[in-house]
Amino acid sequence: MAGSSHGHTPAAWTGVIIAFIGFCVAGAFMVMAQPVGFWAGMAIVVIGGIVGWVMSAMGMGQPKDAHDNFQSELAQSQAAHAKS
């Protein structure tokens, strides 16, 4: 996945960071036995997913054809190495 730049976009980073904060909040409140805080943390996790999706829809995510382009470049590279 590293060669295809999977997840290296502002939309992905922002969504994951917000979701991570939500998991931390939920975990802290779970330890404190506070169900309302736990569910608030889980709501933050959902918000992180929504923010990432919206940012991707706004063009800050990976283009839809990025995987196809990567696969065709990979095939060309492998063909060039096979000839040498």
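The values are calculated or read from the model by the stated rules, or taken from the named source; none is laboratory data. These numbers were taken from a predicted model, which means no experiment stands behind them. Ideal geometry is used to build each Cβ from the backbone, glycine not excepted, and the neighbour counts take in all protein chains shown.
Summed over the stretch 37-84, the residues that are hydrophobic (A, V, I, L, M, F, W, C), at pLDDT below 75 and surrounded by 10 or more Cβ atoms within 10 Å (Cβ to Cβ) give a count of 4. Among the residues of the stretch 7-43, those that are of a type in the set (Gly, Ala, Ser), more than 29 Å from ALA57 (Cβ to Cβ) and in a helix (DSSP H, G or I) comprise GLY27, ALA28, GLY37. Among the residues of the stretch 1-36, the ones that are surrounded by 16 or more Cβ atoms within 10 Å (Cβ to Cβ) and at pLDDT below 95 come to 5 in all.
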